[in-house]
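*Asks:* Here it is, the structure in full.
The values are calculated or read from the model by the stated rules, or taken from the named source; none is laboratory data. Since we're looking at a predicted model, the values are computed, not measured. Don't worry about glycine lacking a Cβ; one is built from the backbone with ideal geometry, like all the others, and counts go over all protein chains shown.
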Amino acid sequence: MLITVLILTALALALFFVALKRRDDSHKEGVIIGAKLFYNYLPLLLLAFLAAGLLQVALPAGVVRNWLGAEAGFRGILIGSVAGMFIAAGPYVSFPIFASIMVSGAGIGTAVALLTSWSLMTFSKLPFEIALLGPRFTIARYSLVIIMPVIAGFIAHFFFAGII
């Protein structure tokens, strides 16, 4: 996590100095916009981390390992693939929950399947996709990606289970 903080700090400072160099007060505007984003997303972030923490203590580790752990094999990967479609939240909410599930004992294959399913097939995006891109496009896309979470989960399970 320290490396991520250092990278984000360097990026923020570099962007600040680029804006400062423009000499049009855009650096101040950027800081104000960033503060407003922080203020707007703060309740969402707090609730997401609260839910992630409570998820770790609410779900017994044995149950998570049994249903979602590496030992669960195909069942865990399938559960992760299906569950990801029902997580209707952005990354600020979803990633703390995914991390909490992993800490609770989910296998790497299940976690990869869950994340892949969430990113490719979340049902919450379905109405927008159908309305803006059409049902033909949506059916074609879902037909092509529906197996991807399972494939990604299996690849992660077989190649990375002992490493991560």
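*Asks:* Out of (1) in a helix (DSSP H, G or I); (2) not assigned by TED's automatic domain parsing to the domain that holds G107; (3) not acidic (D, E), the odd one out for V64 is which?
*Replies:* (2)
*Asks:* Looking at segment 12-34, is at least one residue surrounded by 10 or more Cβ atoms within 10 Å (Cβ to Cβ) and under 29 Å from V103 (Cα atoms)?
*Replies:* no
*Asks:* Looking at (1) in contact (Cβ under 8 Å) with a residue 12 or more places away in the chain; (2) in a helix (DSSP H, G or I), can you tell me which one F38 breaks?
*Replies:* (1)
*Asks:* Being free of Cβ contacts under 8 Å to residues at least 60 places away in the same chain, exposed (fewer than 13 other Cβ atoms within 10 Å of the Cβ) and either in contact with an Asp or Glu (Cβ under 8 Å, 6 or more places away or on another chain) or part of a loop (DSSP other than H, G, I, E, B) (or both): is that true of F128 here?
*Replies:* no
*Asks:* Which condition breaks for P135 when tested against (1) at pLDDT 95 or above; (2) within 12 Å of the chain's Cα centre (by Cα)?
*Replies:* (2)
*Asks:* With A89, A72 as the choices, which residue is touching a helix residue (DSSP H, G or I) at 6+ places or on another chain (Cβ under 8 Å), buried (at least 20 other Cβ atoms within 10 Å of the Cβ) and at pLDDT below 90?
*Replies:* A72
*Asks:* In addition: Run down G109, G30 and say which single residue is more than 22 Å from I155 (Cα to Cα) and in a helix (DSSP H, G or I).
*Replies:* G30
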